[in-house]
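Below: the structure, in structure tokens.
The values are calculated or read from the model by the stated rules, or taken from the named source; none is laboratory data. Since the structure is predicted, the reported quantities are computational estimates derived from the model, not experimental observations. A quick note on method: Cβ atoms are made from the backbone with ideal geometry, for glycine too, and the neighbour counts reach across all protein chains shown.
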Amino acid sequence: MTHHVGERVRVATRDHEGHHRTPGYLKGRIGTVELVHGSFANPESRAYGADGLPEQPLYLICFDRYDIRPDERAHARDRIYADVYEHWLEKVNEQPRP
Amino acid sequence: MERAVHDRGGWPTDARIDQSEHALADWELLSDALVGALVRAGLMNVDELRRGIESMPPGRYEQASYYERWLYSVETILTEKGILAPGELDLRLGR
């Protein structure tokens with residue numbers, strides 16, 4: 001596993017032709033690794049009849065609602081959780097939050 | 001790249017989300033069982049099911065109900081694999 005619980009990560013912004021599980025509204029957003037689920041078959045190749053191997057690490061990422069869409073409906077405590085595969089995550093160079 | 005019709009998280013809207021429930025019709029229960037049987041038989045997997053749903057023309061996707069999308073995908077995937085002949089279901093249904 002490349003990332004650890006508590007690490008800040010950015011979801012890659014790249015396009016992807018075909019099936020993938022990374023929600024468009026999270027691309028480019030920064031969140032925190034909440035949980036490491038383990039490794040699972042890759043749906044991007046499995047969706048086309050392949051075996052999905054090698055398995056890819058999957059993480060539960062926590063985003064501040066305000067970071068996703070900074071509107072008046074975003075409460076300071078609101079969070080969005082999403083499962084994101086490792087090959088969609090990038091390291092972020094920033095100071096950890098207090 | 002424009003987001004596909006299924007990738008709709010975060011679309012701004014003031015419309016209320018329809019959260020009403022409905023009793024499942026027999027064909028919906030059968031559709032669920034059919035996909036379960038196809039998966040256990042190794043003929044398709046859930047990622048292919050999703051991909052088939054995502055391949056729907058946006059207009060049809062919007063009009064279709066949840067299990068209508070499943071059936072569209074099952075026909076698409078099984079036809080792609082040659083398990084169903086093109087138009088076989090329509091032929092059998094006399095359409």
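Observations
- Any hit, region B:79-88, residues being away from chain A (no Cβ under 13 Å), at positive phi and without any contact (Cβ under 8 Å) to a residue 60 or more places away in the chain: yes
- Yes/no for A:R46 being at pLDDT 95 or above, charged (D, E, K, R) and touching a Lys or Arg at 6+ places or on another chain (Cβ under 8 Å): no
- Within region B:24-42, tally of residues that are closer than 11 Å to B:W70 by Cα and among the small types (G, A, S): 1
- Some residue of region B:44-55 being in contact with a Gly (Cβ under 9 Å, 6 or more places away or on another chain), within 14 Å of chain A (Cβ to nearest Cβ) and surrounded by fewer than 15 Cβ atoms within 10 Å (Cβ to Cβ): no
- Of the helices (runs of 4 or more DSSP H) lying entirely inside region B:6-95, those containing at least 3 residues that are farther than 24 Å from A:D83 by Cα and either among the hydroxyl-bearing types (S, T, Y) or more than 11 Å from the chain's Cα centre (by Cα) (or both) span B:26-40, B:58-63, B:66-80, B:88-92.
- Among the numbered conditions (1) more than 19 Å from B:V5 (Cα to Cα); (2) surrounded by 15 or more Cβ atoms within 10 Å (Cβ to Cβ); (3) free of Cβ contacts under 8 Å to residues at least 12 places away in the same chain; (4) hydrophobic (A, V, I, L, M, F, W, C), the only one that B:A64 does not meet is (1).
- Output for region A:52-77, where each listed residue is at pLDDT below 95 and surrounded by fewer than 17 Cβ atoms within 10 Å (Cβ to Cβ): A:R65, A:Y66, A:D67, A:R69, A:P70, A:D71, A:E72, A:R73, A:A74, A:H75, A:A76, A:R77
- When each of A:H75, A:H37 is tested for being away from every other protein chain (no Cβ under 11 Å) and either part of a strand (DSSP E or B) or touching a Lys or Arg at 6+ places or on another chain (Cβ under 6 Å) (or both), the lone residue that passes is A:H37.
- If you go through region B:1-43 and keep only what is farther than 30 Å from A:K27 by Cβ, surrounded by fewer than 10 Cβ atoms within 10 Å (Cβ to Cβ) and within 12 Å of chain A (Cβ to nearest Cβ), you end up with just B:G42.
- Residues (more than 9 Å from every other protein chain (Cβ to nearest Cβ), in contact with a Phe, Trp or Tyr (Cβ under 9 Å, 6 or more places away or on another chain) and not in a loop (DSSP other than H, G, I, E, B)) located in region A:1-34: A:V9, A:V11, A:I30, A:G31, A:T32, A:V33, A:E34
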